[in-house]
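These notes are about the structure you will find just below.
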Amino acid sequence: MGTHDELCLVIDRDQQAWEEKAISEIAKACDHKQYLLALSNPAFDLWLLLHHLDVYALAQDEQEQLYANKKSALKRKIKEYVRSYQSSAPNIDDFWDLTEQAIIYAKKLDEDPTSRWPNGLGTRVYLILEKILLAKERLA
């Protein structure tokens, strides 16, 4: 990698797929290599939902339902805002113009940005998009 290149790793926490120990090992490796770990807890779909909804403003029980993500609660919630949403092929046009709003909403959810990843409902994908938007500004 060149001196200005960055590697970003985007993963879902997904309670069934990742044990805490495995995520910790990945986070340590990212710290060591200075890679950016952008973990979504429980899933990347939360990042997409934040383009349309301030999840932080929801009642605690609604946040807990999204965190549990049973029966794809996040995907169902996105479909309330984007009827044509397909998780296997999301349309960037349904989200891109709302990226700055999603960053604000994601930061509100990120109660401890100094931790390696969000331990509750949250996503760090906003860190990558901040970098992309900053690079876009510099090129303009």
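The values are calculated or read from the model by the stated rules, or taken from the named source; none is laboratory data. In this text, all values refer to a predicted model and were calculated from it rather than measured experimentally. Reconstructed Cβ throughout: ideal geometry from the backbone, glycine too, with neighbour counts over all protein chains shown. Note: areas computed on protein heavy atoms with side chains; ligands, DNA, RNA excluded. Shrake-Rupley method; radii C 1.70, N 1.55, O 1.52, S 1.80 Å.
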Query raised in the report: Considering the stretch 15-55 alone, what residues qualify as being touching a residue at least 40 places away in the same chain (Cβ under 8 Å) and among the charged types (D, E, K, R)?
Result: 31, 45, 54
Query raised in the report: What are the residues in the stretch 119-140 that are basic (Lys, Arg) and either surrounded by fewer than 15 Cβ atoms within 10 Å (Cβ to Cβ) or in a strand (DSSP E or B) (or both), if any?
Result: 131, 136, 138
Query raised in the report: Residue check: is residue 40 touching a Ser or Thr at 6+ places or on another chain (Cβ under 6 Å) and either of a type in the set (Ser, Thr, Tyr) or open to solvent by 40 Å² or more (accessible area, probe 1.4 Å) (or both)?
Result: yes
Query raised in the report: among the polar types (S, T, N, Q), part of a loop (DSSP other than H, G, I, E, B) and more than 18 Å from residue 127 (Cα to Cα), is that true of residue 72?
Result: no
Requested in this report: Pick out the one residue from 15, 34, 63 that is under 22 Å from residue 109 (Cβ atoms) and either at pLDDT 95 or above or more than 16 Å from the chain's Cα centre (by Cα) (or both).
Outcome: 63
Report summary line: If we ask which residues in the stretch 15-37 are open to solvent by 10 Å² or more (accessible area, probe 1.4 Å) and assigned to a helix (DSSP H, G or I), their number turns out to be 11
Query raised in the report: For the stretch 77-95, which residues satisfy the criterion of being in a helix (DSSP H, G or I) and over 17 Å from the mean Cα position of the chain (by Cα)?
Result: 79, 80, 81, 93
Query - Scope the stretch 92-108; condition under 30 Å from residue 25 (Cβ atoms) and touching an Asp or Glu at 6+ places or on another chain (Cβ under 9 Å); matching residues - result: 103, 105, 108
Requested in this report: Please work out which one of (1) open to solvent by 10 Å² or more (accessible area, probe 1.4 Å); (2) in contact with a Phe, Trp or Tyr (Cβ under 7 Å, 6 or more places away or on another chain); (3) of a type in the set (S, T, N, Q) is the condition residue 65 fails and give its number.
Outcome: (2)
Report summary line: Exactly one of 109, 134 is closer than 15 Å to residue 50 by Cβ and either in contact with a Cys (Cβ under 7 Å, 6 or more places away or on another chain) or not basic (Lys, Arg) (or both), and that one is 109
Query - Of residues in the stretch 88-118 being open to solvent by 30 Å² or more (accessible area, probe 1.4 Å) and touching a Lys or Arg at 6+ places or on another chain (Cβ under 9 Å), the one farthest from residue 34 (Cα to Cα) - result: 113
